[in-house]
Amino acid sequence: MIKITAFTPSLESLRKGHIYYRFKDTDAYLNRLFSFINVGIENGDCILIIESMKNIPNIESEISKRFHRDHQASIRIVNNFDYYFSGGDFHTKTILGHFEKDLNLLTKDNRSIRTWAHVEWASDEPDAEQLREYEATADDFVAREGMVSVCAYSHKSLSPILHTALEEVHKYVMTDDSLSISNTYKKP
């Protein structure tokens, strides 16, 4: 008799997919991020990291310690303020414009790309439909390009409505200690 087991992905084994990461612990978050970078370097990927300005100095310092200069050239780190606040609070068209510009800078040599975005906003809570629209557009792009993309959100910033909306537009859901296929994913 053949035993059928459920597929349990790991961040290290995924070669493509849109991942919603709801994090609680900063150390676990950084460990996940560096594992993501490490796998990207091993695979020869270009890596775009969209990060909070408070984390960028520590991440850049750690990258300079862990990775050879040649590998560091494959990593682009940008301030998430430029993405999520420069066009007003969470303006989809502005965010996608920045994303396209940064990806074009990385895709010059036709290597695979992986992205990690620490998503934040200025208001107490963004419009759930606006967030769903943005992430659905990102989901289409990630699927079309066959890339791995992590969208990281602090659990403190998410209401139950936002959490549900994000689970519906990401194929994978990750926490500080697990990764699974979303039970509520609806291909846009």
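The values are calculated or read from the model by the stated rules, or taken from the named source; none is laboratory data. Keep in mind that what you see is a predicted model, and the values were worked out from it rather than measured. Cβ: placed from backbone, ideal geometry, glycine included. Neighbour counts: every protein chain shown.
Can you tell me which residue is nearest to ASP82 (Cα to Cα) among those in the range 9-62 that are hydroxyl-bearing (Ser, Thr, Tyr) and touching a strand residue (DSSP E or B) at 6+ places or on another chain (Cβ under 7 Å)? Of everything passing the filter in the range 9-62, SER52 is nearest to ASP82 (Cα to Cα).
So that you can scan it fast, the table gives a plain yes or no per residue for (1) in contact (Cβ under 8 Å) with a residue 40 or more places away in the chain; (2) under 19 Å from ARG15 (Cβ atoms); (3) aliphatic (A, V, I, L, M):
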{"position": "ASP127", "(1), (2), (3)": "no, no, no"}
{"position": "ASP139", "(1), (2), (3)": "yes, yes, no"}
{"position": "ALA143", "(1), (2), (3)": "yes, yes, yes"}
{"position": "ALA152", "(1), (2), (3)": "yes, no, yes"}
{"position": "HIS155", "(1), (2), (3)": "yes, no, no"}
{"position": "PRO160", "(1), (2), (3)": "no, no, no"}
{"position": "GLU167", "(1), (2), (3)": "yes, no, no"}
{"position": "THR175", "(1), (2), (3)": "yes, no, no"}
{"position": "ILE181", "(1), (2), (3)": "yes, yes, yes"}
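Every condition in (1) surrounded by fewer than 20 Cβ atoms within 10 Å (Cβ to Cβ); (2) at pLDDT 70 or above; (3) not in a strand (DSSP E or B) is met by THR94 except one, and the failing one is (2). Between PHE81, PHE36, the distinction of being at pLDDT 90 or above, part of a helix (DSSP H, G or I) and of a type in the set (Phe, Trp, Tyr) belongs to PHE36 only. Of the residues ILE47, ILE37, only one is touching a Gly at 6+ places or on another chain (Cβ under 8 Å) and surrounded by 12 or more Cβ atoms within 10 Å (Cβ to Cβ); which? Sole residue among the options that is touching a Gly at 6+ places or on another chain (Cβ under 8 Å) and surrounded by 12 or more Cβ atoms within 10 Å (Cβ to Cβ): ILE47. The single condition from (1) out of contact with any helix residue (DSSP H, G or I) (no Cβ under 9 Å at 6 or more places or on another chain); (2) farther than 19 Å from HIS118 by Cα; (3) free of Cβ contacts under 8 Å to residues at least 40 places away in the same chain that ASN43 fails is (3).
Per the listing ARG76, ARG114, ARG144, the residue uniquely modelled with pLDDT of 85 or more and farther than 20 Å from TYR21 by Cβ is ARG144. All of (1) loosely packed, with under 14 Cβ neighbours inside 10 Å; (2) polar (S, T, N, Q); (3) modelled with pLDDT under 90 hold for ASN58 with one exception: (3).
When you look at VAL119, is it buried (at least 21 other Cβ atoms within 10 Å of the Cβ) and either modelled with pLDDT of 90 or more or over 24 Å from ILE41 (Cα atoms) (or both), yes or no? Yes.
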